[in-house]
Structure formats: structure tokens, C-alpha cells
Amino acid sequence: MPEFVDTSPPGVCIFCKLVAGEIPSSKVYEDALTIAFMDLGQVTPGHVLVATKRHTTDLFDLTAQECAAVMQTSQKVARAAKQAFSPTGMTLLQANGRDGGQTVMHFHMHVVPRHANDGVGLIWPRKEPGAPVLERYAVQLREAMLSLEADASHQTASPTD
């Protein structure tokens with residue numbers, strides 16, 4: 001992924017400024033929860049960023065409604081890009097945290113039209129740990145999901161008098 005360095009001062013979010021209309025953008029789409037605009041660093045023609053309007057740092061800060069809205073907007077943009085640029089593939093990319101490859105600390109999804117030999121590479125070291133290890137990972141994730149669901153139900157439960 002090409003490296004972009006956000007030079008905004010601390011406490012200033014370049015995407016929030018864009019949402020507020022304080023800086024120009026080539027806007028593609030906007031609704032109540034999301035905004036889609038051309039990435040200044042075009043990986044391929046038609047490369048669009050879909051961001052939440054509300055400042056959210058990453059996937060973990062999104063509401064369920066924002067999460068659904070980002071994916072719905074991404075699909076709309078991808079369909080338009082397919083018609084406009086005739087790609088043979090489409091990559092959706094969303095990164096969280098610096099170690100995850102996030103360069104602007106405001107949640108966003110990349111919608112990247114793809115063509116054969118476009119120079120874009122998504123490479124990671126594949127590991128095949130075997131079925132017992134995969135099952136152990138699955139158990140860990142299921143237990144974590146149950147714990148998170150229990151925590152969420154405790155937070156939303158109304159106290160009894």
C-alpha cells in the first residue's frame with residue numbers, strides 16, 4: 001500500500017475537515033453517515049475512499065449503523081466504478097491502526113478498481129498451521145465473541161428498581 005503521511009497537526013483530522021467542507025475534494029457520493037471521495041493518491045483510475053462522516057478512528061469505534069452504511073456506500077461506489085472504468089477486479093481495503101497499515105486515523109475504506117498487471121500487490125506470508133491449531137483459534141474467537149456479547153447485554157440492560 002502506498003505510504004501517505006498525514007501532516008495534520010495533533011487534534012486536526014484531514015477527513016473531518018473534508019466532511020465539514022473546509023478543504024476541497026472530488027466528492028463522489030454522500031449520505032447521512034458516509035462520504036465518498038477520490039483518493040489524491042490514485043492507485044488505479046477510480047480509486048475512491050469511503051469514510052464515516054462522524055470522526056471514528058477505526059473499525060472498533062463504528063456503530064453498527066455506520067459499519068453497514070460504509071459497506072453499502074462502498075458497494076454503490078464499486079458498482080459505479082465497474083461501469084465507469086471496466087475493471088476486471090475490485091479490491092476493498094480497510095486498515096486499522098498503524099501496524100495494520102492505517103495512515104489517516106479516521107475510519108475509511110479504499111475502493112480500488114483493478115486490472116491485470118496494474119502493479120497493485122496484496123501479499124502476505126501464508127501460513128498453514130493445521131486443523132488442530134485452526135480449531136483452537138476458532139474456540140478463542142467464539143469465546144471472545146460470547147464475552148463481548150455478554151458485556152454488551154450488561155451495558156444495555158436497564159437496572160431494576
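The values are calculated or read from the model by the stated rules, or taken from the named source; none is laboratory data. The shown structure was predicted, so the numbers you read here are calculated from the model rather than taken from an experiment. Neighbour counts run over all protein chains shown; Cβ positions are idealised from the backbone, glycine included. We work out accessible area using only protein heavy atoms, side chains counted, and drop any ligands, DNA or RNA first. Shrake-Rupley method; radii C 1.70, N 1.55, O 1.52, S 1.80 Å.
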All other residues with a Cβ under 13 Å from the Cβ of Ile14 taken together, and with Lys, Arg as +1 and Asp, Glu as -1, what is their net charge? -2
How far apart, in nm, are two points set 7 Å out from the Cα along the Cα-to-Cβ line at Asn96 and at Gln155? 1.3 nm
Need the list of lysines near Lys53 for cross-linking: C-alpha distance under 25 angstrom, and skip anything on the same chain fewer than eight residues off. Lys17, Lys27, Lys76, Lys82
Could you grab the relative contact order for the range 14-114? Cα pairs under 8 Å, six or more apart, rounded to a whole percent. 30 percent
What is the gain in length, in nm to one decimal, between Ala32 and Asp61 on full extension, counting 0.36 nm per residue of separation less the C-alpha to C-alpha distance? 8.7 nm
Taking 7 Å along the Cα-to-C-beta vector as the label spot, tell me the Asp118-Gln72 distance in nanometres, rounded to one decimal. 2.6 nm
Given the whole protein assembly as supplied and a 1.4 Å probe, what does the accessible area of Glu22 come to in Å², nearest 10? 120 Å²
So I have [x] 14.9, 42; [y] 18.8, 66; [z] 16.1, 52, and one of them is Rg and Dmax of the Cα atoms in Å calculated from this model. Which one is it? [y]
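Calculate for the chain the 222 nm mean residue ellipticity that helices alone would give, adding -39,500 (n - 2.57) per DSSP H run of length 4 or more and normalising by residue count, nearest 500 deg cm²/dmol.
Values: 3 runs with 54 residues, N = 161.
Roughly -11500 deg cm²/dmol at 222 nm, from the helical runs in the chain.
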